[in-house]
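**Q** Have a look at the structure that comes next, please.
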Amino acid sequence: MDTGHLTDIWDRVVGTQPAPSLWLVIATAVLALGAVVPRTVWRLSRNAVTIAHEGGHGLIALVTGRRLEGIRLHSDTSGLTVSRGRPTGLGMVLTAAAGYLAPSLLGLAGAALLAAGHITALLWGATALLLAMLVMIRNAYGVLTIVLTGAAFVLVSWLTTAEVQAAFGYAVVWFLLLGGVRPPFELQGKRRHGAAQDSDPDQLARLTNVPAAVWLGFFHVVTLCSLIGGGRWLLGV
């Protein structure tokens, strides 16, 4: 591969692309909503939110100096991230808090990129994150899920038109913003019926002496604010 070709690829990644029409932005929002609201569809699409959730745990574990042992993704859309380090302290708190916030915050970051016209950077950045996560996956279903998701990003990035790439990028970001809102409400429903007593908010309660209900409320605030802020960026209002 010659230097000129590498330069063209770099320019493509860091450059900006034309903003799509408003109708396409709205259409992708409706499409994402259709992947989040119906329960039958959500059972499948929730796998993508689990990828972001567990990836958030793993990333913050590494950033805070913990040793990431591995990540597992399960067919029931649950997941598990194991890291080693101090069982208490700020690093552990941030790692535990990252999961439910990760989809929405990734969506917010994606909305900022799209608002700035960096559609290609969004697609390539997401692919890079998936490849990095693949190294830490420790079960076959998790590997399959990451490979299929990454393949979708690669195929869209390389083989489709700018319009299709824009539609895909906006649909993904809308899905993260909308899909990030639902899990805290699901967890709240489970806790109301006495289930999920060892969830992330419960772990955070033990680490910080702040009630789990407060942490759950914090997740609601961040995910809803991310949806509002990211939605405004995507719609250009």
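The values are calculated or read from the model by the stated rules, or taken from the named source; none is laboratory data. Nothing here was measured: the structure is a model prediction, and the numbers come from that model. Cβ placement follows ideal geometry from the backbone for every residue including glycine, while neighbour counts extend to all protein chains displayed. Please note that ligands, DNA and RNA were not included when accessible areas were found on the heavy atoms of the full protein model with its side chains. Shrake-Rupley method; radii C 1.70, N 1.55, O 1.52, S 1.80 Å.
**Q** Could you please tell me which pairs satisfy a Cβ distance under 8 Å, a separation of 6+ or placement on different chains, a first residue in segment 51-65 that is free of Cβ contacts under 8 Å to residues at least 24 places away in the same chain, and a second residue that is open to solvent by less than 50 Å² (accessible area, probe 1.4 Å) and of a type outside the set (Gly, Ala, Ser)?
**A** Between residues of segment 51-65 that are free of Cβ contacts under 8 Å to residues at least 24 places away in the same chain and residues that are open to solvent by less than 50 Å² (accessible area, probe 1.4 Å) and of a type outside the set (Gly, Ala, Ser), the close pairs are LEU62/LEU68.
**Q** A further question follows. Tell me, which residue of segment 159-193 that is within 19 Å of THR127 (Cβ to Cβ) and of a type in the set (Phe, Trp, Tyr) is surrounded by the fewest Cβ atoms within 10 Å (Cβ to Cβ)?
**A** Selected residue: PHE168.
**Q** Follow-up question, since we're still on this one. Looking only at segment 38-61, how many residues end up being over 17 Å from the mean Cα position of the chain (by Cα) and open to solvent by 70 Å² or more (accessible area, probe 1.4 Å)? Lay out the reasoning, then the answer.
**A** Pass one, segment 38-61, residues over 17 Å from the mean Cα position of the chain (by Cα): 38-41.
Narrowing the set further to residues that are open to solvent by 70 Å² or more (accessible area, probe 1.4 Å) leaves 39-40.
Residues in segment 38-61 being over 17 Å from the mean Cα position of the chain (by Cα) and open to solvent by 70 Å² or more (accessible area, probe 1.4 Å): 2 in total.
**Q** Turning to a different aspect of this structure: Would you please name the residue that is most open to solvent (accessible area, probe 1.4 Å), looking only at residues in segment 136-158 that are among the hydroxyl-bearing types (Ser, Thr, Tyr) and farther than 20 Å from SER21 by Cα?
**A** Top of the filtered list is TYR141.
**Q** While we're here: Has segment 217-233 got at least one residue that is surrounded by 18 or more Cβ atoms within 10 Å (Cβ to Cβ), out of contact with any Asp or Glu (no Cβ under 9 Å at 6 or more places or on another chain) and not in a helix (DSSP H, G or I)?
**A** No - not one qualifying residue is present in segment 217-233.
**Q** Would segment 72-91 turn up any residue that is buried (at least 17 other Cβ atoms within 10 Å of the Cβ), part of a helix (DSSP H, G or I) and of a type in the set (A, V, I, L, M)?
**A** no
**Q** Provide a single number: the residues in segment 28-48 that are closer than 24 Å to ALA116 by Cα and touching a residue at least 12 places away in the same chain (Cβ under 8 Å).
**A** Applying the first criterion (closer than 24 Å to ALA116 by Cα) to segment 28-48 yields 28-33.
Among the residues that remain, those that are also touching a residue at least 12 places away in the same chain (Cβ under 8 Å) are: 28-29, 31-33.
Within segment 28-48, residues that are closer than 24 Å to ALA116 by Cα and touching a residue at least 12 places away in the same chain (Cβ under 8 Å) number 5.
**Q** Go through (1) under 19 Å from the mean Cα position of the chain (by Cα); (2) more than 26 Å from ALA61 (Cβ to Cβ); (3) touching a residue at least 60 places away in the same chain (Cβ under 8 Å) and name the single condition ASP200 misses.
**A** (2)
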